C-alpha cells in the first residue's frame, strides 16, 4: 500500500488561494472551516521586511498527536489508506481534545459561530443528519472517514481528498494532474494549483516524484521538533512560520 | 445528628427551592440555546476550542479531588482531629464531581455517544480515556466509603481499605486531569510535568473553601450549634492547613509566572504579559482571591474567626475559579501556527449560554447539598471521636442518622 505524501514548492507558490477554493468546493466546507488554507505573514522589519505565505493542508502526520489523545479512536491513522488521518464521525463525541493536540491547527469544529453572515447553515438547513445542505453537494460521502458534510458536534479535517485518491489504481506512484490516466484521482488542491507548486505521490516508493523532489530540493517538514513527522514536505525558501508577535494596541 | 443543622429546617427548604429553581431555569436556558443554535451559542471556536464550561468542569472536578484529599487525612493518615468533617467532605466531593460532570456533558458534541464509544474502543493512549476511568473509580469509591460511614462502619479493615482506594483514586484522577493539559507539548503554557502537584495543591485549596463554606452554611454561619470537635477543628488545624495550602498555591503561581515572563518563548511569555497580567480580572482574582486570603490567614487571631473564615472561603472560591478559567483559556490564546498572520491574541469571553452552564453546575451543587443535609447525617463521626468530644450537643453515634 502506498504511503501518500504531498510536496509543496514554496518557490513556485504564488499564494493565489486556488487550492483553498478548490478544497472548499470539493469538500463543501463552511467559511472558516478551512481544511486547506494559505497563511500570509510578514517576517522582519523595514528595510528587510518580507511578505510570505504558506499553503497549509492537514499534515497527515506519521506520529499524529491528535490520534494519541482521542479517547474514542474516532481519529485514526489508516495505514490501509496511505497513512491518511481520518475522523470517524460516527464515533466522534466532540470533546475537541484533538484540536488542542494538533500542533498545526488544522482541525475544525464547524458547529460554531459563523465566520461570515448570513450563516449558510440557516440559509441551507441540513438534511440526513448533515449540519447544512448546500444547493450543490459533492455526492461522495463516507462518515467513517470524515468525508462529506459533517453532522453537528464533530471535528472535521482535510482527508487528502481520499474519496478521489482512494480510487487510484493499485500501484500508482505519482498522482500527477498532467497525467490523463490518473488526473481524476488527484487531490483537489493539487489538481487546481496553477503554478504547479504541489505534488502528490507515494512516499514509500523511492522512484516517486515526491521522493525525488524531497531529496533534490531539500524538502523539510514543519514543526519537526514536535515529533509528529508530517507526510507533507515543503521545498524552497520560507518553509517556516515566524513566531507570534502581537502588535501594540492602538 | 445535631439539631442545630439549619438545612434541616425551613431555611434549608427555602435554599432548596431557590437553588432548584435556578438549576431548572439555567438548564432550560442552556438547553434552549444549545438546541436552537448548537454550539454557535458558545463563544468557543476552532482557534479556541475549550472555554468556560471546561474551566468550570475543571474547577468542580478539582474541588472534588481536594475534598477527597482532605478526607484522606483522617481516613488514611490518621489525623483524627479531621474526623468531624470527613463525612461532609466525602459527600461534597461526590456531589461537586457530579455537578462538574453535568456541565461537561452539556459542552460535549455527543454526550450519549460517549457512553458507549469510550468503553468499546479502549483508547488507552488517551489521557482523556483515563480521566473517565479514574473519575468513575473515584465516584464509586466515594460512594462506597460514604455507604460505610452511613452504616457506622468507620474503622473496619474493609472500610480502611476503601478509604485508601478512594485516596489513590483521587490522586490518579486529579493527577491525570493535570496531565491532560500538562502533556501537551504543543501548548507550552500548559506543558509541565509538575502540573499534577500544582493541581493537588489548588484542589485542596478549593476543597477547603467549599468545606468551610458549606459547613458554616449547615450551622447558619455560626459555631454555636456545632459539635465541640468540629469547633476545635475550625479553630485549630483546619485554618492552619488552609493558610499553608494557600501559601503553596501562591508559590506555584509565582514560579509559573516568573518562568513564563523570563522565557523568550512567545507562547508562554505573551500569555503572562499580554493576557494574564494585562487583565484586571486576573489581578483581582490573584490579589483578592489568593494573596489577601493568605495574608489574612497568616494572622493567628484572625484566621480563627467565623467571619474571616467565611470571607476567605468565598474569596478563594472566586479566586480559584478565575485561576482555572485563565489557565484553560491562557493555554489557547496565542494563535496556533499562524505566526505573524495574526496580530493579536485570540479574543474570548464566555457567552450567556456558557455562563448559564456555570450557574447550572453551581445550582446543582447547592440543590444536592441541601438534599444531602436534609436526608443524611453529614455531621456524623466515629463513636470514639464523639465521646472524646465531651459535648452533649455535639456528635452523635455515626449510625444514629442512618
Quiz item: Can you find a residue in region A:164-174 that is closer than 22 Å to residue A:37 by Cα and either within 15 Å of the chain's Cα centre (by Cα) or surrounded by fewer than 17 Cβ atoms within 10 Å (Cβ to Cβ) (or both)?
Solution: yes
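Would you mention how many residues in region A:53-85 are within 14 Å of chain B (Cβ to nearest Cβ) and part of a loop (DSSP other than H, G, I, E, B)? Let's see the steps before the verdict.
Quick first cut of region A:53-85, residues within 14 Å of chain B (Cβ to nearest Cβ) only: A:53-59, A:61, A:63-77.
Those still in the list that are part of a loop (DSSP other than H, G, I, E, B) too: A:57-59, A:61, A:63-64, A:70-74.
Of the residues in that region, 11 qualify.
Among B:316, B:281, B:255, B:296, which is away from chain A (no Cβ under 14 Å), exposed (fewer than 15 other Cβ atoms within 10 Å of the Cβ), outside any loop (DSSP other than H, G, I, E, B) and touching a helix residue (DSSP H, G or I) at 6+ places or on another chain (Cβ under 8 Å)? Don't jump to the end; show me each part of the working.
Numbers: B:316 fails: exposed (fewer than 15 other Cβ atoms within 10 Å of the Cβ); B:255 fails: touching a helix residue (DSSP H, G or I) at 6+ places or on another chain (Cβ under 8 Å); B:296 fails: exposed (fewer than 15 other Cβ atoms within 10 Å of the Cβ).
Going through B:316, B:281, B:255, B:296 in turn, just one is away from chain A (no Cβ under 14 Å), exposed (fewer than 15 other Cβ atoms within 10 Å of the Cβ), outside any loop (DSSP other than H, G, I, E, B) and touching a helix residue (DSSP H, G or I) at 6+ places or on another chain (Cβ under 8 Å): B:281.
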Quiz item: Is one or more of the residues making up region A:239-246 in contact with a strand residue (DSSP E or B) (Cβ under 7 Å, 6 or more places away or on another chain) and within 17 Å of residue A:58 (Cα to Cα)?
Solution: yes
Exercise. Identify the residue in region A:137-163 that is without any contact (Cβ under 8 Å) to a residue 40 or more places away in the chain and either within 14 Å of chain B (Cβ to nearest Cβ) or assigned to a loop (DSSP other than H, G, I, E, B) (or both) and, among all such residues, is surrounded by the most Cβ atoms within 10 Å (Cβ to Cβ).
Key: A:140
Quiz item: Given the structure, is residue B:56 touching a residue at least 40 places away in the same chain (Cβ under 8 Å), assigned to a loop (DSSP other than H, G, I, E, B) and buried (at least 19 other Cβ atoms within 10 Å of the Cβ)?
Solution: no
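Would region B:136-146 turn up any residue that is within 14 Å of chain A (Cβ to nearest Cβ), over 23 Å from residue B:238 (Cβ atoms) and surrounded by fewer than 24 Cβ atoms within 10 Å (Cβ to Cβ)? Can you show your working first?
Initially, region B:136-146 is screened for residues within 14 Å of chain A (Cβ to nearest Cβ), giving B:136.
Then drop every residue that is not over 23 Å from residue B:238 (Cβ atoms), which leaves B:136.
From what is left, the residues that are surrounded by fewer than 24 Cβ atoms within 10 Å (Cβ to Cβ) are B:136.
Yes.
Just for region A:20-52: of the residues that are loosely packed, with under 15 Cβ neighbours inside 10 Å and in a loop (DSSP other than H, G, I, E, B), which one is nearest to the chain's Cα centre (by Cα)?
Looking only at region A:20-52, we keep the residues that are loosely packed, with under 15 Cβ neighbours inside 10 Å, and these are A:21, A:25, A:31, A:42, A:44-51.
Subsequent filtering for residues that are in a loop (DSSP other than H, G, I, E, B) retains A:31, A:44-49.
On the way: A:31: 15, A:44: 28, A:45: 31, A:46: 33, A:47: 34, A:48: 31, A:49: 28 Å.
Filtering region A:20-52 for residues that are loosely packed, with under 15 Cβ neighbours inside 10 Å and in a loop (DSSP other than H, G, I, E, B), the one nearest to the chain's Cα centre (by Cα) comes out as A:31.
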Self-check item: Per-region count, region A:222-249, residues closer than 19 Å to residue A:13 by Cα and at pLDDT 85 or above
Solution: 7
Quiz prompt | Options B:295, B:329, B:333; residue that is over 23 Å from the mean Cα position of the chain (by Cα) and modelled with pLDDT of 85 or more | solution = B:333
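Among the residues of region B:48-62, write down those that are farther than 21 Å from residue B:362 by Cα and either facing chain A (nearest Cβ under 7 Å) or touching a strand residue (DSSP E or B) at 6+ places or on another chain (Cβ under 6 Å) (or both). If you could, list the steps in order and put the result at the bottom.
Of all residues in region B:48-62, those farther than 21 Å from residue B:362 by Cα come to B:48-49.
Once the filter is applied, which keeps residues that are farther than 21 Å from residue B:362 by Cα and either facing chain A (nearest Cβ under 7 Å) or touching a strand residue (DSSP E or B) at 6+ places or on another chain (Cβ under 6 Å) (or both), region B:48-62 yields only B:49.
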Exercise. Return only the number of the condition from (1) away from chain A (no Cβ under 13 Å); (2) in contact (Cβ under 8 Å) with a residue 12 or more places away in the chain that residue B:130 does not satisfy.
Key: (1)
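The values are calculated or read from the model by the stated rules, or taken from the named source; none is laboratory data. In this text, all values refer to a predicted model and were calculated from it rather than measured experimentally. Heads up, the Cβs are rebuilt from the backbone with ideal geometry, glycines too, and the neighbour counts pull from every protein chain shown.
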